[in-house]
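Encoded as structure tokens, the structure appears first; notes follow it.
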Amino acid sequence: KQYPDTQVILLTAYASIDSAKSAVRLGALDYLTKPFDKDDVIEVVRRGLDKKRENDNLKIEREHLLFRNRDLEEEVNIAREKVMMGYEGTIQALIKTIDAKDHYTYDHSENVSKLSASIGAVMGLTKDAIGKLEHAAAIHDIGKIGIEENILNKEGSLTPDEYADMKQHPEIGLSIVKSVPFLKDAFPVILHHHERFDGSGYPAGLKGTDIPLNARIVIVADAVDAMMHARPYRNSLPREKVLRELTENSGTQFDPKIVDIILQEKLYFN
């Protein structure tokens with residue numbers, strides 16, 4: 001125990017199976033029985049020295065691997081931080097682009113992002129999942145930068161052609177971000193935040209739980225914030241009216257489970 005690296009050679013006058021087993025159990029390199037030949041002793045010692053060198057080399061290699069693993073862990077952590085910085089930077093750049101195009105859309109997206117995160121927290125989503133949901137909601141309307149301002153901010157009702165143009169913004173949004181792989185978690189929200197729970201929405205006409213969860217959350221948060229804030233073509237709705245709209249459209253436009261969370265947790269007060 002004091003000298004674990006010492007090579008042991010057992011010399012004995014009694015050659016037996018038991019003594020051989022004892023030698024192995026004690027970790028002996030070899031054992032010799034008396035009388036023994038000098039050349040045999042030299043050969044056993046030589047093998048012992050070779051074994052010692054082999055063990056020393058393995059020990060050095062193990063220590064090298066341990067240091068290398070520490071270096072690799074540090075490199076992985078640095079790379080992860082760089083990816084996250086790039087991710088956050090891209091999100092912020094997209095948000096600023098939205099703000100430059102239409103400040104209302106920027107404020108609206110920020111509100112939808114916060115409300116979506118609150119809904120996700122009540123639903124028990126993980127911290128990582130909530131972060132992805134929050135970021136996706138913040139850029140859900142990124143496609144509106146491809147819509148003409150006279151349509152975005154029109155005071156009256158949209159014509160059929162203008163409405164058809166407006167309905168393109170989810171697909172425009174996806175075309176903007178689809179070349180950025182680390183934004184892939186936001187793709188379903190950007191593309192499907194105008195679907196309806198009964199399947200009558202756009203662009204894909206998805207129905208019920210075929211609509212991705214994060215998109216279903218953003219659909220409700222999007223509608224709540226839109227109703228509670230004024231637009232050029234209409235006034236904001238009083239809170240009671242917003243709650244009534246949610247209740248009346250639960251199961252048709254909105255996922256009823258998410259509507260229940262909004263109502264039960266009073267998240268609209270935030």
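So the values come out like this:
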| item | result |
| --- | --- |
| Candidate set: segment 236-256, residues that are crowded, with 18+ Cβ neighbours inside 10 Å and not β-branched (Val, Ile, Thr); chosen: the one modelled with the lowest pLDDT | Leu243 |
| Hits in segment 195-219 - residues which are buried (at least 16 other Cβ atoms within 10 Å of the Cβ) and more than 17 Å from Val259 (Cβ to Cβ) | Leu206, Pro212 |
| Those residues of segment 134-151 which are among the hydrophobic types (A, V, I, L, M, F, W, C) and within 18 Å of the chain's Cα centre (by Cα), in sequence order | Ala136, Ala137, Ala138, Ile139 |
| In segment 199-229, the residues that are free of Cβ contacts under 8 Å to residues at least 60 places away in the same chain and in a helix (DSSP H, G or I) | Gly208, Thr209, Asp210, Leu213, Ala215, Arg216, Ile219, Ala223, Met227, Met228 |
| When residues of segment 139-192 are limited to those that are among the β-branched types (Val, Ile, Thr) and closer than 19 Å to Ile217 by Cα, the one surrounded by the fewest Cβ atoms within 10 Å (Cβ to Cβ) | Ile139 |
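The values are calculated or read from the model by the stated rules, or taken from the named source; none is laboratory data. If you're wondering where the values come from, they're calculated on a predicted model, not measured in any experiment. Cβ: placed from backbone, ideal geometry, glycine included. Neighbour counts: every protein chain shown.
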